[in-house]
Structures are given as structure tokens and as C-alpha cells.
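The values are calculated or read from the model by the stated rules, or taken from the named source; none is laboratory data. Given the structure is predicted, the values throughout are model-derived calculations rather than measurements. Cβ placement follows ideal geometry from the backbone for every residue including glycine, while neighbour counts extend to all protein chains displayed.
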Amino acid sequence: MPKNIMIAQSGGPTAVINASLAGAIAGAKAFCEGGRIYGARHGLEGLLHRQVLDLGALPWGEDDLEALKNTPSMALGSCRFKLPEPPHEVYERMAECLSELSVDLFLYIGGNDSMDTVDKLSRYFDEKNLDIACIGIPKTIDNDLMETDHTPGYGSAARYVAHVMRELYCDVLVYDRPSVTIVEIMGRNTGWLTAASVLARTGAGTAPHLIYLPETPFDPDQFLEAVRRLSKEHQVLLIAVSEGIRFASGEYVNHATLPREDGFGHTALAGSGRYLEELVQKAFGFKTRTIELSLLQRSAAHLASSVDRREAFLCGEQAVAWGVSGRRSVMVGMKRIQESPYLIEYVPIPVGRVANREKKIPKDWIAPSGTDLTEEFIAYAAPLLGDQVLPMFLRLDPSILPDPFAPGEPRTP
């Protein structure tokens, strides 16, 4: 039975990744009594540089775990370290760090690249006959991990996007003039988070009027035609766009793509919204602005989904339970077993089936226009936003109110 546990976090933060950490700590206290609980600072770099915290030295009462669950970002810190293919000296250094602390179970909380790390370390430890089990705990606001219904972190970010889009639409309606507001949302190769903007339509608005995803090639001419058509129906347009939309050629629409790459070899993206903004301004002369939600969409703990936070915690707890029972080289996955009421179960997924793969939005969940989502997507995503109902807003409609200056309209003397 694993006694000593090492936990690390990697990749980009989410509003609930610390809930998974809290779940892992709670699981360790419940299933590994007498064992040690360690936390690696800044992911794999903590193992390489022996920057390790003795988390078990803290009391971890219910209030402490609850506070950790509600804390955004990553309590242990993160890294952008791409684990090279073996053989490489970094494997030996990490194995030495874990072995010196008698670690039996290594838990890595992260996304695609982190699951690749879990897969590589698992194979290395097996080849070297090291009794260290590795289990992946999923997280990513991109919701692009294969084999799992959804990923912790997505529901909260989706809730933030839907909430903000509704509030932005109220804001941009205040002036009596044509305008176009473009909201750029995270999503390099998949549009799950941008697609969640469609959930903003519940309430007093029809926005967003157009939604552009990486799954659908972007055509500038079709975009301008859509803006021309919709501007005849709506004086104010709100458009959602993924940062990673591409032309049919596969080239990123972002005309300001930076030439640098991050630690995982991914091109740094920014500016797809600005590109669309320039198209609109040149073609129509409308007042146009671009808003990049940027880091806010992944750190807004004040709008975190209750469902997301609860599931993130349980993923961490489940990982420990499986490690204690002898499972290894798996990721905690979620399988939806009931739509109404929404219900999932936790299933072990061989991590090799997840690493370096991406889950796209199903084609039949994207409207034929390529700029909207279907009811199937809405039914999938809506429960993930949590038990808290988005606030209802009231929009005054002048067309249904009488004109006090109209002839025959009664006036008070």
C-alpha cells in the first residue's frame, strides 16, 4: 500500500485546480494514515531542484481544505517543462528525489502535456523496476483531454465566459450607434471555451451573434457578409472568437502571432480578435473594439462552478484511492451516466490514451453556418456551469412602451 505521496501541478492555472490538490490531501489523510504528503514546487522543476514541501506537516482541518478548494491559481506553483524522451538524465534525477523520500505514489495535476509526463514517467519507473505508481489528475480550461466527458477547470471558465458575455452585452447597448465588440477567448486548437459563450443567451439578450471556433476554417469574406447581414437586424453586435482560429490553409488567423514558443513548443498566440476588428473597421467604419479575456477566464474564483469545484476535489481524492489499491499509469476520467439530473462516475483511463491527443468539439454540435452551436452542445455544457443560476437581467424594450409625446396620449396637467 502506498504510504508516501508526492503531488505536483503543471500547465496553466484554473479556478479549481487547488480543489484537486485539496482532494488529494484529503485522500492521503483518509487512505494513507501514517504516510507522508509531499508537494513539489513548480511541477517537475521541484523534483529536479529538490524544491519539495512537507505538506503533511500542516494540520489540514476542514476549514483549511475548504480555503484551499476556494483558492484560484496553483498553490504549489507550475512549470512549462517539456519532459524529453528517454533516455535522459532528468529521469534519473527525478527518480532519485522520489526514492530518497520513499515516495510510492506520484500524482500530477495537469492537461495534455502533463498526461504525457505521467505516461513517460510511468514507463521509465516500470523499466527500472521502481515501485512508484503514477496517476494523472486532469485539469484544463480547454476541455480537450480525450476519453473523459469533460475536464475540471472547464466548467468554471465556461461559467465566467457566459457570465461576462451577458454583462458585456448590457454594457455595449448603452449607446445609440452601430458598434461591434469582439471578445477573444482562450483556445488554441479547440473551441470548447469559446463555445460556452452561447450560454450567455439565456436571459435578456441574443448575444453573442457570431461564434468562431478553431474547428471551423475562418473565411474573411463570409465573416464580413455575416456582419453586414446581422448589422441590419442589430445595431450592436457581440462576437466571440477563439484565439486559435485558422484559415482553410491551416495558418493561424492571428496576423500578430509572436515568433516565440512556450516551454512546451506551442506558438504563443494573441491577436485574432484584433485581426477581425481591422476587417470590420475597414469594411464598415463601425465603432469596433476587441476585448481579450486573457488570464481572467482561468482565475475567476468568484464565479467558479460549484459542480466544477466538487468534481475537481473528488478527482484528487479518487486518484489517491486508486493509487492505494494498486492502480498505476492511469488518469482519473469522468463518464456521464445520466443527463437529467446530471450524474457522472469516475473511471480509470490508461494515460497513454490521453497523452498528446486533443478532443475537438463534435461536428454535429456546431451549427451548419459554422458560427453557432447546437442544442446538443448546450445540453452538454449547461450542467457544468454549476448549481448557481446565472443572474437574470432586464432589458427595457422601447418598442412595447407607449410614446408619451404621441397625439392623444394622456398627460398630467
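Here are a few things to note about the model shown:
- Residues located in region 174-198, provided they are farther than 21 Å from residue 395 by Cα and polar (S, T, N, Q): 189, 190, 194
- Counted residues, region 205-222 - those being surrounded by fewer than 21 Cβ atoms within 10 Å (Cβ to Cβ) and over 26 Å from residue 392 (Cα atoms): 6
- Residue that is modelled with the lowest pLDDT, among those in region 266-287 that are closer than 14 Å to residue 189 by Cα and among the small types (Gly, Ala, Ser): 268
- Subset of region 325-354 [buried (at least 21 other Cβ atoms within 10 Å of the Cβ) and out of contact with any Gly (no Cβ under 8 Å at 6 or more places or on another chain)]: 333, 334
- On inspection, residue 65 qualifies as out of contact with any Gly (no Cβ under 7 Å at 6 or more places or on another chain) and of a type in the set (A, V, I, L, M, F, W, C).
- Filter pass, residue 155 being outside any helix (DSSP H, G or I) and buried (at least 24 other Cβ atoms within 10 Å of the Cβ): no
- Some residue of region 169-188 being surrounded by fewer than 20 Cβ atoms within 10 Å (Cβ to Cβ), in a helix (DSSP H, G or I) and touching a residue at least 12 places away in the same chain (Cβ under 8 Å): yes
- Residue list for region 200-247, filter: modelled with pLDDT under 95 and among the hydroxyl-bearing types (Ser, Thr, Tyr): 202, 206
- When 224, 237, 145 are checked against the criterion of being part of a loop (DSSP other than H, G, I, E, B) and in contact with a helix residue (DSSP H, G or I) (Cβ under 7 Å, 6 or more places away or on another chain), 145 stands alone in meeting it.
- Filter pass, residue 34 being more than 26 Å from residue 356 (Cβ to Cβ), part of a loop (DSSP other than H, G, I, E, B) and without any contact (Cβ under 8 Å) to a residue 60 or more places away in the chain: yes
- Counting the residues of region 311-368 that are assigned to a helix (DSSP H, G or I), touching a Leu at 6+ places or on another chain (Cβ under 8 Å) and outside the structural domain of residue 213 (by TED's automatic domain parsing) gives 5.
- Screening residue 379 on (1) over 24 Å from residue 191 (Cα atoms); (2) in contact with an Asp or Glu (Cβ under 9 Å, 6 or more places away or on another chain); (3) without any contact (Cβ under 8 Å) to a residue 60 or more places away in the chain shows it passes everything except condition (1).
- Being touching a residue at least 60 places away in the same chain (Cβ under 8 Å), over 22 Å from residue 294 (Cα atoms) and either touching a Phe, Trp or Tyr at 6+ places or on another chain (Cβ under 7 Å) or among the hydrophobic types (A, V, I, L, M, F, W, C) (or both) holds for only one residue in 118, 161, and it is 118.
- Taking first residues from region 357-373 that are among the aromatic types (Phe, Trp, Tyr) and partners that are buried (at least 16 other Cβ atoms within 10 Å of the Cβ) and in a helix (DSSP H, G or I), the Cβ contacts under 6 Å between residues at least 6 apart in sequence or on separate chains come to 365/377.
- Residue within region 391-401 that is polar (S, T, N, Q) and either closer than 30 Å to residue 217 by Cβ or touching a residue at least 24 places away in the same chain (Cβ under 8 Å) (or both) present: no
- Residues of region 299-308 satisfying the condition of being out of contact with any Phe, Trp or Tyr (no Cβ under 6 Å at 6 or more places or on another chain), surrounded by fewer than 24 Cβ atoms within 10 Å (Cβ to Cβ) and touching a residue at least 60 places away in the same chain (Cβ under 8 Å): 299, 301, 306, 307
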